[in-house]
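What follows is a set of notes on a single structure, which appears directly below.
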Amino acid sequence: MADLRTNFIGIKSTNPFWLASAPPTDKEYNVVRAFKAGWGGVVWKTLGEDPAIVNVNGPRYGAIHGKDRQLIGLNNIELITDRPLEVNLQEIKKVKRDWPDRALVVSLMVPCEEANWINILKRVEDTEADGVELNFGCPHGMSERGMGSAVGQVPEYIEMVTRWVKQHSRMPCIVKLTPNITDVRKPAEAAKAGGADAVSLINTINSIMGVDLDEMSPSPSVDGKGAHGGYCGPAVKPIALNMVAEIARDPATHGLPISGIGGITTWRDAAEFMALGAGSVQVCTAAMTYGFKVVEDMIDGLSDWMDQKGYTSVDQFVGNAVPNVSDWQYLNLNYIAKAKIDQDLCIKCGRCHIACEDTSHQAITSMVNGERRFEVIDEECVGCNLCVNVCPVENCITMEPMAAGSIDPRTKQVVEKGYANWTTHPNNPMAAKDAAE
Amino acid sequence: MIANLPEISMTQTKAGPDIAAGRLPEDAYSENFSDLHPLLEQHEAQVEADRCYFCYDAPCMQACPTSIDIPQFIRQISTGNPDGSAKTIFEQNILGGMCARVCPTETLCEEVCVREVAEGKPVKIGQLQRYATDHYMSGHDETPFSRAAASGKKVAVVGAGPAGLSCAHRLAVHGHEVTLFDARDKAGGLNEFGIASYKSVENFAQREVDFVLSIGGIELKTGMRLGDNIDLAELRATFDAVFLSIGLGGVNALNKENESHNGVLNAVDYISDIRQADELSQLPVGRNIVVIGGGMTAVDIAVQKKLLGADDVTIVYRREQDRMNASKFEQELAQTTGVKILTNAQPHALVTENGHISSIELERTVSLADGTLNGTGEILSLPADMVFKAVGQTLVRDDLDATIALEKGRIVVDADRKTSLDDVWAGGDCVLGGEDLTVTAVEDGKIAAESINAALNA
């Protein structure tokens, strides 16, 4: 069995699966249950200053469901912990003492004044927690008070606060980033410049989950009114993966440790984040949907996959997909693929045909010799992959690369052997003379 | 599935037929005759609708005799627009509610569903159709259609079964004045009198008749039988067009001695009695029942007899089981209800005692390669308190104008359901080439109405 033990910026855990700072990590009772279930670590729900904040007393969550109530996306308007600071600190200290092999990171959010940070850092240090995570991400409530994403959206503030934290604390420092920003590389650079040991991302995305059309109220609705909340869950994973990859491959931040967050529901999701450079992953919605037991298959599945691939420790594959994240201009324009429909698997629903006919390139038949039959017309197929995506049968339609030297029936051109991209394409007014990689 | 069969005394010996009412405890009847497929809950419907792939040029739609846009109505359920879904159905099939209950979907839309082809589990199209139409009819007393300006034309529709109702509705939509005649004391035809009770509970057939008639412009006249108190020549003289949907009023005979004796009954009559009964516990039920036939009617009577408390019900069919007209689903329904299906046997003699059937002698048969059926000479006997004939129905031709063209005992119609007479159209079971299905009758009525409308506007 593969070794899942993780050393993330000096913080050791039994596996890379941490619970993110959120309701599941708000108190000792939940965290102990999580550790018993097998979670490798937790980021304790964000601490702030006393007096404790208050939460709304109506709905805090909204969801988007599939037809069978599969939870696809979740949002929340819950704020940071609403329990007294001292109660949290005592519980953190006790849990860390009782569970020394698990990671226990404390999330923090206090006003942007150096004294406030000095004060809370000292108290957290006394708990012997493994590190701190700076919550510069929450998009609702706290941001209106100049904290959370209000900080995360200003790189200079990130750098300033991170520097205070590193200056006044011996603890490893993770900066949690908001996705509610145009270019996530800028706050990551700022965190690095401030001395952060790592970044974690993504925090939740500004969102309105829906509108009650009877009440004309956004949902979740609190007494007829709604405020934007933070969106998370499986639906946000692609956004999170991109942001993780952007930081992992940017020369300015390359090598900066990343704790990946955003819709991680299965071991495969986690492995994907790790392949894009995440040294640990954080989970919330999956646990809030199914309970802590989901970690069991995250552990088993990741371990089994690593065994199959011959990886004996997680650091052997963390970041392995990063070199393959490129920019559009460097994609190989000589790579030519055609869709191919496996007639034995085809159930003749015709979705590929109508998608291609109505919205793409008229490259799939509906009738052949008077029979209902769906075949790709290579002369028209641009290899766009839409048919693969809309086909209800897995592996029925595949994209088959054309061999070099053959003739593309669409363009009547020979499929060239080598690599060529937009930077050297004759249609590019800015074309360089030689392809740059 | 049969509730509370009473203890049977095996030592009982009784002279003469053992026929009695009330063989079951009171509460067993409502359970046995409850909805065969209960209405889907909203969540079930949403999940099932989500299974539909919204196929291009969908095979299910091609297979529907009334060409309902099935992917569209299912999508409308999925999007939370069940009333819109029902309208999509009613546009093509105003009796979509009944068809959802009685269509042999496993040989029509669901047979060709790509998910049937792919995984043997079709989308439950029939049950989704029921969901949408029931939803609409529970919230609306009237059809979603409005009538065109009055045309001043009058059309007689003879027979208020599925074909007649469908035709009358479509004609009314086009602005014509319709007089709808029916021989019985209420409309509905086989929907009301000829379908097993568990397929149409809670008086659905009559509610649907009211729904169809709500379009307005249709005058229903019951107790009017063609060849009795109305005749075709008179109708042709009085109305601008006539649509005949008179069904098959005659019942085929076994042509055996003693056929007129007590206990030898027409299945269609007893099925009607069950549907019209105020109290199922009042119906006479034999202990040993033999049903002759292999179609839906045979299954309907056999299953209902079993559900009424008969001990032993046997369907006797002269050919092999795969030749039975009853769908596979119906055959399985019979067998899981406890009905035996005896194939390759044909009536040999009806044995009576004191003028009442006591047993039936059957001869084994064998099908030859050329399709002919031969008796083997081997005779077996089944005790029978009741024998039901379900060997097909016939058109009563005496009711018709002698000049109307018939073939194989049915009215000949063209693609527009027009008969040999210039101003007479026909549809439903009484025409040649029909499939004896509610849904094809509805389609006949619809096509005929369009053709009549075109003729009247010409």
So which helices (runs of 4 or more DSSP H) stay within region A:143-246 end to end and still have 3 or more residues that are touching a strand residue (DSSP E or B) at 6+ places or on another chain (Cβ under 7 Å) and at pLDDT below 95?
none
Do we find a residue being touching a strand residue (DSSP E or B) at 6+ places or on another chain (Cβ under 7 Å) and modelled with pLDDT under 95 anywhere in region B:23-41?
yes
Would you check which residues across region B:167-203 are surrounded by 21 or more Cβ atoms within 10 Å (Cβ to Cβ) and among the hydrophobic types (A, V, I, L, M, F, W, C) and list them?
B:Cys167, B:Ala168, B:Leu171, B:Ala172, B:Val178, B:Leu180, B:Phe181, B:Ala183, B:Ala187, B:Leu190, B:Ile195, B:Ala196
Within region A:93-113, can you find the residues that are more than 28 Å from A:Glu144 (Cα to Cα) and either of a type in the set (Gly, Ala, Ser) or not in a loop (DSSP other than H, G, I, E, B) (or both)?
A:Lys93, A:Lys94, A:Val95, A:Lys96, A:Arg97, A:Asp98, A:Ala103, A:Leu104
In region A:344-364, which residues are of a type outside the set (Gly, Ala, Ser) and away from chain B (no Cβ under 11 Å)?
A:Asp344, A:Thr359, A:His361, A:Gln362
Mind checking whether some residue in region B:120-130 is surrounded by 22 or more Cβ atoms within 10 Å (Cβ to Cβ), of a type in the set (Val, Ile, Thr) and in contact with a strand residue (DSSP E or B) (Cβ under 8 Å, 6 or more places away or on another chain)?
no
Of the criteria (1) within 14 Å of B:Lys186 (Cα to Cα); (2) assigned to a loop (DSSP other than H, G, I, E, B), which one B:Leu220 fails:
(2)
Can you give me the number of residues within region B:150-184 that are in a helix (DSSP H, G or I) and either of a type in the set (Gly, Ala, Ser) or free of Cβ contacts under 8 Å to residues at least 40 places away in the same chain (or both)?
5
Please find, within region A:55-92, the residue that is nearest to the other protein chains (Cβ to nearest Cβ) out of those that are among the polar types (S, T, N, Q) and not in a loop (DSSP other than H, G, I, E, B).
A:Asn75
Quick check on my filter: what residues within region B:103-149 are among the polar types (S, T, N, Q), under 21 Å from B:Gln76 (Cα atoms) and in a helix (DSSP H, G or I)?
B:Thr105, B:Gln127, B:Gln129, B:Thr133, B:Ser138
Single unsatisfied condition, A:Asp212 versus (1) under 16 Å from A:Ile261 (Cα atoms); (2) free of Cβ contacts under 8 Å to residues at least 12 places away in the same chain
(1)
Please state which one of A:Ala270, A:Ala275, A:Ala286 is surrounded by 14 or more Cβ atoms within 10 Å (Cβ to Cβ), touching a residue at least 60 places away in the same chain (Cβ under 8 Å), more than 14 Å from every other protein chain (Cβ to nearest Cβ) and not basic (Lys, Arg).
A:Ala270
Given the conditions (1) within 14 Å of chain B (Cβ to nearest Cβ); (2) surrounded by fewer than 17 Cβ atoms within 10 Å (Cβ to Cβ), which single one is not true for A:Cys396?
(2)
Just one of (1) in contact (Cβ under 8 Å) with a residue 24 or more places away in the chain; (2) crowded, with 24+ Cβ neighbours inside 10 Å; (3) away from chain A (no Cβ under 14 Å); (4) closer than 25 Å to B:Ser327 by Cα trips up B:Ile74, so point out which.
(3)
Could you give every pair whose Cβ atoms fall below 7 Å, whose first residue belongs to region A:301-327 and is without any contact (Cβ under 8 Å) to a residue 40 or more places away in the chain and among the polar types (S, T, N, Q), and whose second residue is in a helix (DSSP H, G or I) and crowded, with 16+ Cβ neighbours inside 10 Å, counting only separations of at least 6 or pairs across chains?
none
From the list B:Glu192, B:Glu202, B:Glu208, B:Glu177, pick out the single residue that is over 17 Å from B:Ser245 (Cα atoms), among the acidic types (Asp, Glu) and touching a helix residue (DSSP H, G or I) at 6+ places or on another chain (Cβ under 8 Å).
B:Glu208
May I ask you to say which residue of B:Ala86, B:Ala45, B:Ala49 is outside any loop (DSSP other than H, G, I, E, B), among the hydrophobic types (A, V, I, L, M, F, W, C), away from chain A (no Cβ under 13 Å) and in contact (Cβ under 8 Å) with a residue 12 or more places away in the chain?
B:Ala86
Would you check if there is a residue in region A:326-334 being closer than 29 Å to B:Glu119 by Cβ and either modelled with pLDDT of 95 or more or within 14 Å of another protein chain (Cβ to nearest Cβ) (or both)?
no
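Results for (1) crowded, with 20+ Cβ neighbours inside 10 Å; (2) within 36 Å of the chain's Cα centre (by Cα); (3) at positive phi, shown as yes or no for each residue.
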| residue | (1), (2), (3) |
| --- | --- |
| A:Cys349 | yes, yes, no |
| A:His353 | yes, yes, no |
| A:Thr359 | no, yes, no |
| A:Phe374 | yes, no, no |
| A:Asp378 | no, no, no |
| A:Cys384 | no, yes, no |
| A:Asn389 | no, yes, no |
Could you run through region B:410-453 and say how many residues are of a type in the set (Ser, Thr, Tyr) and crowded, with 24+ Cβ neighbours inside 10 Å?
2
Residue list for region B:56-70, restricted to those being within 10 Å of chain A (Cβ to nearest Cβ) and either under 21 Å from B:Thr143 (Cα atoms) or out of contact with any Pro (no Cβ under 6 Å at 6 or more places or on another chain) (or both)
B:Tyr56, B:Asp57, B:Pro59, B:Gln62
Quick one: which residue in B:Gly96, B:Gly194 is without any contact (Cβ under 8 Å) to a residue 40 or more places away in the chain and either within 15 Å of the chain's Cα centre (by Cα) or over 30 Å from B:Leu232 (Cα atoms) (or both)?
B:Gly96
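The values are calculated or read from the model by the stated rules, or taken from the named source; none is laboratory data. This structure is a prediction, so every number in the text was calculated from the model and none was measured. Cβ coordinates were reconstructed from backbone atoms using ideal geometry, including for glycine residues, and neighbour counts include every protein chain displayed.
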